[in-house]
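Everything below concerns the one structure shown next.
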Amino acid sequence: MKSKTTRYALIIGAVLAIGTALFIVGCKYSSSGSSSTPPTAQEPPGLPPDPGPAGKATLAGVDSNDNGVRDDVERYIAINHQDSAKVRAALMQFTVVAQSRLLDATDTQKSIQHAIESGKAIECMVYVTGSVQKEEDLYNELRPVILNTDARNKAYFAYDKQLGGQYFPGTPDSQAASACTFDPSTLPN
């Protein structure tokens with residue numbers, strides 16, 4: 001029987017492999033979309049303004065409230081996941097790491113650190129949603145929003161190239177909530 005650490009490492013590896021494969025298939029769609037917000041979605045209060053074309057002008061995009069999440073991605077999460085504060089928090093945790101992966105894509109040590117952080121963010125999403133499948137669905141939904149330009153796609157591939165031969169251990173089941181950078185028990189749903 002495999003240890004919990006080995007099992008989690010295998011889960012994280014599988015999620016990263018599936019995510020990379022789906023990313024490759026989805027790349028052609030990520031730079032063609034015009035808006036990340038459905039026109040019928042109700043906008044919650046307190047969101048940063050839509051950055052428009054300026055949000056795609058640089059790799060970093062626009063982060064007007066300086067929380068580590070691009071405004072276009074933050075808006076997408078808030079508008080499309082209004083039913084769960086826990087899911088929004090988990091997606092924001094993942095997105096902070098995803099943005100760092102792009103910005104530090106050519107630095108091997110930072111890429112390895114961001115891969116560890118990504119694993120934790122994925123574990124947090126699994127914990128919050130209660131399902132690896134739901135986490136994968138959220139990841140697959142968010143990926144084209146995060147990687148919405150050719151420069152961001154190229155940065156992702158550069159980041160991914162830094163990770164060859166690395167091993168990323170998982171978090172034991174009994175400590176799954178600790179993978180979150182927030183306290184899930186303090187959020188209502």
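The values are calculated or read from the model by the stated rules, or taken from the named source; none is laboratory data. This one's a predicted model, so the numbers in the text were calculated from it and none came from an experiment. Virtual Cβ from ideal backbone geometry, glycine too; neighbours counted across all protein chains shown. Ligands, DNA and RNA are stripped out before the accessible areas are found, and what is left, the full protein with its side chains, is counted by its heavy atoms. Shrake-Rupley method; radii C 1.70, N 1.55, O 1.52, S 1.80 Å.
Summary of computed values
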read-out	value
Rounded to the nearest 10 Å², the accessible area of residue 168 at probe 1.4 Å	30 Å²
Residue pairs, from the table 110/134; 134/161; 120/161, whose Cα atoms sit over 25 Å apart	110/134; 134/161
Net charge over other residues, Cβ less than 14 angstrom from the Cβ of residue 187 (K, R count +1; D, E count -1)	0
Separation between Cα centres of the stretch 52-101 and the stretch 136-161, rounded to whole Å	13 Å
